[in-house]
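Undergrad: Take this structure first; my questions come after.
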Amino acid sequence: MKNSAPENPGAHSRRTFLKSLGTVAATAATAQVKTVAAELEKANAEKIIGPDAVPVTLNVNGEKIKLLLEPRVTLLDALRNYSSLTGAKEGCDRATCGACTVLFDDAPIYACQKLAIEAQGHAITTVEGLAKDGKLNKVQLAFIEKDALQCGYCTPGFVMSITALLKKNFHPTADEVKHACAGNLCRCGCHPHILQAALKAAGVEHASKTEVVTYA
Amino acid sequence: MPSWPTETKYISHDTTRIDGVAKVTGRARYASDIQAEGWLYGMILRAKWPAAKITDINLEPALKVSGIKAAVLARGQEMTVRFYGEEIAAVAGTSKQACLDALRAIEITAQPLPFVARENDAKKASAPQVWPGSSNHPEPKPRERGNVEAAFKDCAAVIEGFYSTPVQIHNPMETMGNTVSWTDDGLTAWSSTQGISSVRDGLAGALKLDHSQVRVITEYMGGGFGAKFGAGAEGVLAAKLSKEAKAPVRLMLTRFDQNLAVGNRASSFQKIKMGAAADGTLLAFEAENYGTAGIGAGGDGGGGGGGADIPLPYLYKVANSRVKQSAVAVNAGSARAFRAPGNPPASFGMESAMDDLAVKLGMDPLELRLKNDPNPIRQKEYKLGAEKFGWKEKYRKPGSSKGVVKTGIGCAGAAWPAGGGNRNTQGEAQISPDGSIEFRLGVQDIGTGTRTVIAVIAAELLGLTPGQITVKVGDTRFPPGPGSGGSTTCPSISPTVFDICTKALEQLQTQTGIPDARGKNWFAACKKIGINPITVHGQWRDGLSSNPAGGVQFAEVEVDTETGQVTVKKMLGVHDCGLIINRLTLESQINGGIIMGMGYALYEERVMDDLSGVVLNPNFETYKLPGIADVPEIEVILVNMPERGVVGIGEPATVPTAGAIANAVANAIGVRIGSLPITPAKILAALGKVPPTHA
């Protein structure tokens with residue numbers, strides 16, 4: 001396995017791709033090519049970013065965080081490794097487990113799939129930002145009451161997904177909760193309690209069906 | 001003999017987790033969250049061959065990458081690779097991006113070697129030897145009782161079946177890993193582990209340090225399920241990187257790493273022959289089983305052993321039995337302990353065979369179990385469960401369900417003969433004049449609510465509330481505690497906390513003259529302690545915990561005979577665990593065991609490519625875990641047996657699920673799917689709707 005030097009990440013950028021297209025496009029006259037030319041002009045007007053670190057300003061939990069990041073740094077990486085916000089967890093780093101779920105202008109997203117530079121100008125909320133003045137939100141409270149967690153590593157992601165759901169749907173059905181949590185994995189197997197907690201946060205009480213029987 | 005109180009305020013009731021707030025706010029710091037001063041990112045380079053001879057590894061180009069501070073070899077310039085994903089080298093740098101660049105820059109000279117990836121291929125005499133000079137598949141040694149041949153002749157019904165289970169991967173949500181800081185003063189590892197003591201001992205041994213020079217801290221960890229007891233190659237590499245870089249290094253595995261190299265449940269291929277008298281009494285049992293523990297099998301010189309054996313015949317009393325078992329070595333990551341090692345595959349094989357035999361006998365499979373299960377607790381559990389589940393009303397002969405979507409029910413039992421308390425468990429409590437009390441135990445909370453268990457017991461015995469108890473765990477500087485595994489944690493720490501509390505009350509009485517410092521007298525007594533807090537040391541005591549634990553589960557499924565999709569509609573778990581400490585967290589653990597068992601039954605399987613020796617599904621998009629929409633209604637009946645003291649529940653809760661679901665599927669469609677996971681493809685093939693799959 002002789003490896004060549006790593007490729008320059010800038011070598012295949014959208015801009016250079018369009019630029020190479022452009023030399024051909026200059027002599028053509030179809031409407032389609034005109035569109036390409038317009039794109040090219042727009043791309044040329046864009047500032048080249050990276051591969052070295054660039055200043056990035058993130059708006060997280062209502063506070064501005066200024067960081068110096070390579071453009072390839074994800075929002076999750078920026079939160080966890082370039083600032084001290086480790087509430088969003090890394091479980092896979094490829095959009096499959098949901099442990100990194102944060103709110104992006106109130107919509108739940110995988111922070112591992114958003115570049116930090118793209119997150120600029122948007123309101124990011126992490127699990128650390130949910131409790132206002134130390135008061136837990138109703139999802140957090142319900143998670144504790146219903147024991148919707150064991151090891152707790154997937155918990156921030158589930159709490160964010162359900163918080164996002166309840167922002168737009170005050171009275172979700174069980175199926176709507178399941179749909180909202182379809183992108184979150186839990187290995188300890190807390191799902192029944194997570195469902196109960198989500199419904200409890202929406203005002204629906206679901207009594208445990210567990211029975212205790214004495215042997216003797 | 002000490003005994004637990006019978007009238008209780010907290011023990012056996014519901015107590016929310018004392019660390020719940022930390023976990024729902026993101027304040028809980030896991031190993032992967034540790035940001036030690038000046039920390040570096042660490043990553044591992046892994047083999048791209050299932051077998052190879054590496055003759056040179058050049059780390060120089062990696063060290064030239066901007067931001068890289070250290071690069072170390074896993075074993076040496078020369079090494080033999082035995083599985084795809086084996087550790088070769090590791091780098092530490094100022095960012096993940098720098099590490100990714102550096103791993104790509106490392107130059108390796110290697111000669112690929114022949115390999116074998118599948119159990120069946122590895123058994124052949126012509127197969128490449130995973131451990132040269134050692135057979136991949138040593139001759140199994142039979143274990144025999146009674147006269148099997150004669151007993152089979154007496155049977156009214158005999159079945160022969162082939163039941164197989166896949167390699168299952170632990171996949172805790174937090175991968176393995178550590179942040180390690182190695183300075184002249186010693187080594188500190190913030191570890192994602194279920195055994196702080198075993199990690200300390202492992203690191204000290206591998207790095208030639210005194211145990212006293214190594215401190216392991218695990219304040220929070222994101223699941224383990226048996227994979228996270230040791231220091232691991234990743235822990236040792238992080239330490240070496242820290243020493244070389246003179247900075248703390250955080251090295252967490254990627255999800256790919258986790259699926260390739262740090263443990264799994266061995267597969268099983270069980271050929272079972274079983275026979276019974278006309279009344280259902282089991283008379284004869286014969287089984288031949290093999291499975292792979294990856295490179296964990298066959299490497300012990302003589303071969304054999306290797307962690308693929310399962311307890312057969314499982315649960316039931318059979319006077320005449322012969323069992324031959326063996327582990328097969330293949331070029332794949334080694335097996336490790338995995339929640340109730342050996343038991344889920346044994347339960348699946350045995351319980352499938354039981355249902356097949358019941359069909360042949362024309363018996364209700366529940367009746368066949370009651371006829372042959374010698375355990376009185378499970379007898380009671382089957383009866384309780386059958387009543388709640390409506391077994392009699394729901395049971396139909398296999399395959400008699402009408403329509404395209406067929407329904408079926410099944411049940412299965414579990415035993416976990418190990419468990420019980422670890423006699424070496426110790427702990428201490430410090431009581432301050434202001435009435436505050438802090439417990440310190442060198443155990444860790446794997447997610448089962450260990451901290452809360454300590455608080456519940458202390459609150460009960462001292463007449464306080466759980467919120468008044470401060471609990472510190474997860475530090476090797478505390479008195480030593482057990483690893484979190486084998487259903488031993490609760491039975492280890494509960495008697496220890498009992499002992500600490502008893503001694504604390506005795507000492508308070510001696511020191512303050514107040515005869516009973518509990519409850520309303522607590523603060524007055526503490527005030528009289530004097531200036532310095534008192535510290536009480538306690539240890540595990542006999543008579544307050546026991547083993548084994550067991551349980552039975554019932555499953556109801558729907559099978560769509562056009563798509564092959566299995567939907568679990570309902571699960572009922574009936575479990576005994578001695579004295580219930582915290583009903584709420586206990587219910588969580590049983591739910592979790594059942595859901596993990598569902599994954600084993602229907603979704604999970606490591607898939608190896610036999611042509612390339614590569615694991616084809618080392619990630620969550622292709623290694624499927626149950627999701628919230630897959631999880632049915634789960635009901636639990638807890639059989640409280642305070643007279644037995646504290647018993648663990650982690651293992652038995654996951655044992656019978658796959659067997660119960662598999663039996664429910666067979667009951668629905670009238671055909672046995674003898675191979676886990678029960679995928680739509682296997683269902684359709686069994687129904688003759690598509691050609692059989694290669695499995």
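No lab work stands behind these numbers, since they all come straight from the coordinates. What you see is a predicted model; the values in this text were computed from it and never measured. Virtual Cβ from ideal backbone geometry, glycine too; neighbours counted across all protein chains shown.
Undergrad: Take the alpha carbon atoms of segment A:88-118, find their center, do the same for segment B:314-330, and report the distance between the two centers in whole angstrom.
TA: 47
Undergrad: Treat each spin label as a single point 7 Å out from the Cα along the C-beta direction, and report the A:Q113 to B:Q213 distance in nm.
TA: Distance between label points: 4.7 nm.
Undergrad: Going by the alpha-carbon gyration tensor, a ≥ b ≥ c the square roots of its eigenvalues, is segment B:421-539 rounded (a/c under 1.5) or, if a/c is not under 1.5, prolate (a/b greater than b/c) versus oblate?
TA: Working: a/c = 2.11, a/b = 1.95, b/c = 1.08.
Prolate.
Undergrad: Let me ask something else about it. Just to confirm my numbers, what's the Cα centroid distance between segment B:644-693 and segment B:97-142 in Å?
TA: 31
Undergrad: What Kirkwood Rh does segment B:289-416 have if only Cα atoms enter the pairwise 1/r average? Answer in Å.
TA: Kirkwood hydrodynamic radius for segment B:289-416: 16.9 Å.
Undergrad: Hey, another quick one. Dipole of the protein assembly as shown (Lys/Arg Cβ +1, Asp/Glu Cβ -1, origin at the Cα centre): which of B:W540, B:A70, B:M221 lies farthest to the positive side?
TA: B:A70
Undergrad: What are the radius of gyration and Dmax of the protein assembly as shown, computed over its Cα atoms and given in Å?
TA: 28.8, 102
Undergrad: Another one. Treating only the Cβ of Lys, Arg, Asp and Glu as charged (+1, +1, -1, -1), what charge dipole size does segment B:14-147 show about its Cα centre? Round to the nearest 20 debye. Before the final figure, lay out each step's value.
TA: On the way: 19 positive and 15 negative charges, 68 e Å.
Here segment B:14-147 has a charge dipole of around 320 debye.
Undergrad: If you don't mind, there's one more thing I want to ask. Kindly state, to the nearest 0.05, the FRET efficiency for B:D516 paired with B:D434, given R0 = 25 Å and r defined as their beta-carbon distance. Mind showing how you got there, number by number?
TA: On the way: r = 20 Å, r/R0 = 0.79.
Efficiency for this residue pair is about 0.80.
Undergrad: Measure of size requested: the Rg and Dmax of chain B, with Cα atoms as the atom set and Å as the unit; please supply both.
TA: Final numbers for Rg and Dmax: 26.7, 82 Å.
Undergrad: Next up: Have a look at the DSSP beta bridges in the protein assembly as shown and tell me what percent are antiparallel, nearest 5.
TA: Taking every DSSP beta bridge within the protein assembly as shown, about 75 percent pair in antiparallel fashion.
Undergrad: Summing -39500 (n - 2.57) over the DSSP H runs of n ≥ 4 in chain B and dividing by its residue number, what mean residue ellipticity at 222 nm do you reach, to the nearest 500 deg cm²/dmol?
TA: Theoretical 222 nm ellipticity from helices: -8000 deg cm²/dmol.
Undergrad: Roughly how many debye, to the nearest 20, is the charge dipole of chain B about its Cα centre, given +1 on each Lys and Arg Cβ, -1 on each Asp and Glu Cβ, and no other charges? Kindly include the intermediate steps, with their values, before the conclusion.
TA: On the way: 71 positive and 68 negative charges, 27 e Å.
My answer is approximately 140 debye.
Undergrad: To make sure I understand the rule: partners must be lysines, Cα under 27 Å from the Cα of B:K402, and not fewer than 8 residues away in the same chain. Which ones qualify?
TA: In chain and number order, the partners are B:K360, B:K388, B:K392, B:K394, B:K569, B:K570, B:K682, B:K689.
Undergrad: Right, next: Rank these for me by crowding, B:D56, B:D257, going from fewest to most other beta carbons within 10 Å. Don't jump to the answer; show the numbers that get you there.
TA: Details: B:D56 10, B:D257 21.
Ordered by Cβ neighbours within 10 Å, fewest first: B:D56, B:D257.
Undergrad: Something else now. If you find the alpha carbon centre of segment B:454-479 and of segment B:579-605, how far apart are they in angstrom?
TA: Taking the Cα centre of each part, segment B:454-479 and segment B:579-605 sit 25 Å apart.
Undergrad: I'd like to know which of B:N264, B:A276, B:A287 lies farthest towards the positive end of the charge dipole of segment B:217-327, counting +1 on Cβ of Lys and Arg and -1 on Cβ of Asp and Glu.
TA: Comparing the listed Cα positions along the dipole, B:N264 ranks first.
Undergrad: Loop only per DSSP, at most 14 neighbouring Cβ atoms within 10 Å: give me the trypsin sites (Lys or Arg not before Pro) in segment B:402-466, ordered by residue number.
TA: Passing sites in segment B:402-466 are B:K402, B:R423.
Undergrad: Let me ask something else. Between exposed GluC sites (Glu not before Pro) in chain B, where DSSP calls loop and at most 15 other Cβ atoms lie within 10 Å, what's the longest gap?
TA: So the longest stretch without any such site is B:79-561.
Undergrad: What ranking of B:T6, B:T254, B:T175 emerges when the number of other C-beta atoms within 10 Å of each C-beta is taken as an exposure proxy, fewest first? Please list the in-between numbers first.
TA: Values: B:T6 8, B:T254 19, B:T175 28.
In order of increasing Cβ crowding within 10 Å: B:T6, B:T254, B:T175.
Undergrad: Mind grabbing the base-10 log of I(q)/I(0) for segment A:54-129 at q = 0.21, 0.23, 0.27 Å⁻¹? Debye formula, identical points on the C-alpha positions, no solvent, two decimal places.
TA: Log-scaled intensity ratios, in q order: -0.82, -1.00, -1.43.
Undergrad: Further question: From the mean inverse distance of alpha carbon pairs (Kirkwood) and the Cα radius of gyration, derive Rg over Rh for segment B:133-229.
TA: Working: Rg = 23.6 Å, Rh = 18.2 Å.
With Rg and the Kirkwood Rh in hand, the quotient comes to 1.30.
Undergrad: Quick one: if you stick a label point 7 Å off each Cα along the C-beta vector at B:I531 and A:T35, how many nm between them?
TA: Taking the two extended label points, one gets 8.5 nm.
Undergrad: Counting other beta carbons within 10 Å of each Cβ, put B:D610, A:D147, A:D52 in order, fewest first.
TA: A:D52, B:D610, A:D147
Undergrad: Right, next: What's the average, rounded to a whole number, of partner chain beta-carbon atoms within 10 Å of each residue's beta-carbon in B:11-24? Walk me through the intermediate numbers first.
TA: Details: counts 0, 1, 0, 4, 1, 6, 6, 1, 3, 11, 7, 1, 13, 20.
The per-residue average across the peptide is 5.
Undergrad: Enumerate by residue number the GluC sites (Glu not before Pro) in segment A:132-211 meeting two conditions: DSSP loop (anything except H, G, I, E, B), and at most 16 other Cβ atoms within 10 Å of the site's Cβ.
TA: Passing both the DSSP loop test and the Cβ count: A:E205.
Undergrad: Show me, for segment B:210-227, the HN-Hα J-couplings you get by feeding each phi into the Karplus relation (A = 6.51, B = -1.76, C = 1.60, θ = phi - 60°), rounded to Hz, glycine and proline as x.
TA: Running phi through 6.51 cos²θ - 1.76 cosθ + 1.60 with θ = phi - 60° gives 5, 4, 5, 8, 10, 10, 10, 10, 9, 6, 9, 9, x, x, x, 6, x, 7 Hz.
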